[in-house]
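S.K.: The structure is given below, and queries will be raised subsequently.
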Amino acid sequence: MIADIKKSAEQKMQKSLEALKADLGKVRTGRAHTGLLDHITVDYYGTPMPINQVANINLIDARTIGVAPWEKKMLGVVEKAIRNSDLGLNPVTVGEAIRVPMPALTEERRRDLTKVVKHEAEAARVAMRNIRRDANVHLKDLLKEKKIAEDDERHGQDEIQKLTDRHIAEIDKMLQIKEVELMAV
């Protein structure tokens, strides 16, 4: 029973880490990376589709993403979807491909993005603590129902605390890497 609670908590914590990683990936640095466009959807003959399912996305250089739609008719639709996204990008059509240059970030914008990243990390830490609390409540319920002994409950809480500490350390590491990435010129 304790192992099930621990396993469930660990799975939830891992999902929170993956969500944080996805959120941090959306925060734009000065450098280009193909994952930046992943959340953009394109109207593909009346059906919203992720951009990576209607076009080939690659890096042209450190500050430029190349997008090559598989159908020539989709060129304008893909360009419009990128332009209308919340990323503030200005794509340019060159022949049968689209070039998406990454504008350089100002110092003020870098600081604002750092605040956003810190907020995302804090939200992930809160999620970890909530998962820990829920697991500890389950352990206390098992103790009340006399399904486990007090020592087992205390040992389970210690294991869940270690799990929480490990995942929060991972969040801090991800935050530090992203901050360095943001502040690099």
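S.K.: Among the residues of the stretch 38-52 satisfying the criterion of being among the polar types (S, T, N, Q) and more than 15 Å from residue 65 (Cβ to Cβ), which is surrounded by the fewest Cβ atoms within 10 Å (Cβ to Cβ)?
M.R.: Across the stretch 38-52, the extreme among qualifying residues is 47.
S.K.: If you don't mind, there's one more thing I want to ask. Kindly provide the set of residues from the stretch 13-37 that are surrounded by fewer than 18 Cβ atoms within 10 Å (Cβ to Cβ), more than 15 Å from residue 117 (Cα to Cα) and not small (Gly, Ala, Ser), ordered by number.
M.R.: Answer for the stretch 13-37, where residues must be surrounded by fewer than 18 Cβ atoms within 10 Å (Cβ to Cβ), more than 15 Å from residue 117 (Cα to Cα) and not small (Gly, Ala, Ser): 14, 15, 31, 33, 34.
S.K.: Considering each of 90, 136 in turn, give the residue that is polar (S, T, N, Q), without any contact (Cβ under 8 Å) to a residue 60 or more places away in the chain, out of contact with any Asp or Glu (no Cβ under 8 Å at 6 or more places or on another chain) and under 30 Å from residue 70 (Cβ atoms).
M.R.: Answer to the selection: 90.
S.K.: Also: Mind checking which residues of the stretch 93-115 are buried (at least 16 other Cβ atoms within 10 Å of the Cβ) and either under 19 Å from residue 21 (Cβ atoms) or in contact (Cβ under 8 Å) with a residue 60 or more places away in the chain (or both)?
M.R.: Within the stretch 93-115, 100, 102, 105, 110, 113, 114 qualify.
S.K.: Let me ask something additional. How many residues does the stretch 60-71 contain that are in a loop (DSSP other than H, G, I, E, B) and surrounded by 14 or more Cβ atoms within 10 Å (Cβ to Cβ)?
M.R.: Selection size over the stretch 60-71: 1.
S.K.: Also: In the stretch 94-111, what residues are within 28 Å of residue 66 (Cβ to Cβ) and out of contact with any strand residue (DSSP E or B) (no Cβ under 8 Å at 6 or more places or on another chain)?
M.R.: 94, 95, 103, 104, 105, 106, 109, 110
S.K.: Could you please give the count of residues in the stretch 9-59 that are farther than 23 Å from residue 173 by Cα and either in a helix (DSSP H, G or I) or not hydroxyl-bearing (Ser, Thr, Tyr) (or both)?
M.R.: 19
S.K.: Further, regarding this structure: Taking the condition aliphatic (A, V, I, L, M) and over 30 Å from residue 89 (Cα atoms), does residue 126 pass?
M.R.: Spelling it out, residue 126 is indeed aliphatic (A, V, I, L, M) and over 30 Å from residue 89 (Cα atoms).
S.K.: Given the criteria touching a residue at least 24 places away in the same chain (Cβ under 8 Å), surrounded by 18 or more Cβ atoms within 10 Å (Cβ to Cβ) and under 21 Å from the mean Cα position of the chain (by Cα), does residue 74 qualify?
M.R.: No.
S.K.: Taking the stretch 77-116 as the search range and keeping residues that are in a helix (DSSP H, G or I) and under 16 Å from residue 42 (Cα atoms), which one is nearest to the chain's Cα centre (by Cα)?
M.R.: 82
Bear in mind these aren't lab numbers, they're just calculated from the coordinates by the rules spelled out. Treat the numbers as computed from the prediction; the structure is a model and nothing was measured. All Cβ positions, even for glycine, are placed from backbone atoms using ideal geometry, and neighbour counts span all protein chains on display.
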